[in-house]
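The values are calculated or read from the model by the stated rules, or taken from the named source; none is laboratory data. All values reported here derive from a predicted model rather than from experimental measurement. Positions of Cβ are backbone-derived with ideal geometry, glycine not excepted, and every protein chain shown enters the neighbour counts.
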Amino acid sequence: AAGVIQSPRHLIKEKRETATLKCYPIPRHDTVYWYQQGPGQDPQFLISFYEKMQSDKGSIPDRFSAQQFSDYHSELNMSSLELGDSALYFCASSLGSGGLAGTGELFFGEGSRLTVL
Amino acid sequence: KQEVTQIPAALSVPEGENLVLNCSFTDSAIYNLQWFRQDPGKGLTSLLLIQSSQREQTSGRLNASLDKSSGRSTLYIAASQPGDSATYLCAAEPGGGADGLTFGKGTHLIIQP
């Protein structure tokens, strides 16, 4: 079965550079979530999109932005990168959002590991 | 603000044992609770999802229970195997139309052959 696809899997950037992560949800899933997992930490919710509109916002820095496109894929744009942005960035998808249809079960991708030097 | 706590933080047991991982949450107004498995440096694999109206879910050797009123969930693993070694995370999804799972810090499980 098709899973959540994230690219790139690994990314190395310098401080103050920009980075873009891409996420392709499971087919027919209408909701995408972004999470950040620092070393030894639990995943922290950043932002979510339902039917191409921002659904909810968590601890996403102002330097980051995201969007969901017409084909439901999503991109997380990170600017003015800082050392503390080094983390695993996970994308997850589900059918339905926040109790609106579907079971809300989240399926995660393998993650994109960002290293900021 | 929802807080999710997992006990124990780490557990090492011999192969074949049955074991219980505990998860507690402070806000009982959840939409569902989900258990995940994470291998080092890898993504999160969904194990079981319990809707707020359900009390338990089973998948193979795994059984998860949910007691919303007491803010607790347990993951029971029967007949543990070395391949079960991983970090197990529980996560609560808020109700009221909000998104964003709140994760516990996980239980790092080692099954000794």
- prompt: Would you call B:Ala91 facing chain A (nearest Cβ under 10 Å) and surrounded by 22 or more Cβ atoms within 10 Å (Cβ to Cβ)?
  reply: yes
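Would you mind stating whether B:Ser12 is small (Gly, Ala, Ser), loosely packed, with under 15 Cβ neighbours inside 10 Å, assigned to a strand (DSSP E or B) and more than 10 Å from the chain's Cα centre (by Cα)?
Numbers: small (Gly, Ala, Ser): yes; loosely packed, with under 15 Cβ neighbours inside 10 Å: yes; assigned to a strand (DSSP E or B): yes; more than 10 Å from the chain's Cα centre (by Cα): yes.
Yes; evaluated as a whole, the condition is true for this residue.
Hey, among the residues in segment B:40-51 that are more than 9 Å from chain A (Cβ to nearest Cβ) and either β-branched (Val, Ile, Thr) or surrounded by fewer than 17 Cβ atoms within 10 Å (Cβ to Cβ) (or both), which one's farthest from the chain's Cα centre (by Cα)?
B:Pro40
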query: Only one of these conditions is not met by B:Ala79: (1) part of a strand (DSSP E or B); (2) touching a Lys or Arg at 6+ places or on another chain (Cβ under 9 Å); (3) of a type in the set (A, V, I, L, M, F, W, C); (4) more than 12 Å from B:Asn22 (Cα to Cα). Which number is it?
result: (1)
- request: Looking for whichever is surrounded by 17 or more Cβ atoms within 10 Å (Cβ to Cβ), at pLDDT 95 or above and over 11 Å from the mean Cα position of the chain (by Cα) here; the options are B:Phe36, B:Phe25. Which one fits?
  value: B:Phe25
task: Taking A:Ser7 as the residue in question, decide whether it is on the phi < 0 side of the Ramachandran plot and more than 9 Å from chain B (Cβ to nearest Cβ).
output: yes
task: Tell me which of these B:Tyr31 doesn't satisfy, since it passes every other one: (1) within 15 Å of the chain's Cα centre (by Cα); (2) in a strand (DSSP E or B).
output: (1)
Residues of segment B:57-85 that turn out to be away from every other protein chain (no Cβ under 13 Å), under 23 Å from B:Gly43 (Cβ atoms) and either in contact with a Gly (Cβ under 9 Å, 6 or more places away or on another chain) or hydroxyl-bearing (Ser, Thr, Tyr) (or both), as a count: 4
task: Could you tell me which numbered condition B:Ser12 fails, if it satisfies all but one of (1) of a type in the set (Ser, Thr, Tyr); (2) within 14 Å of another protein chain (Cβ to nearest Cβ); (3) touching a residue at least 60 places away in the same chain (Cβ under 8 Å)?
output: (2)
message: Condition first: assigned to a loop (DSSP other than H, G, I, E, B) and polar (S, T, N, Q). Now tell me which residues in segment A:27-57 satisfy that.
response: A:Gln41
message: Need the failing condition index for B:Arg61 against (1) surrounded by 19 or more Cβ atoms within 10 Å (Cβ to Cβ); (2) on the phi < 0 side of the Ramachandran plot, just the number.
response: (1)
message: Residue pairs, Cβ under 7 Å, 6 or more apart or interchain, first in segment A:18-34 and closer than 12 Å to A:Leu76 by Cα, second basic (Lys, Arg). List them.
response: A:Ala19/A:Lys13
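Could you check, for segment A:73-84, whether at least one of its residues is away from every other protein chain (no Cβ under 14 Å) and in a helix (DSSP H, G or I)?
Going through segment A:73-84, the residues away from every other protein chain (no Cβ under 14 Å) turn out to be A:73, A:75-84.
Cutting the leftovers down to in a helix (DSSP H, G or I) gives us A:83-84.
Looking for residues that are away from every other protein chain (no Cβ under 14 Å) and in a helix (DSSP H, G or I), one finds at least one in segment A:73-84, hence yes.
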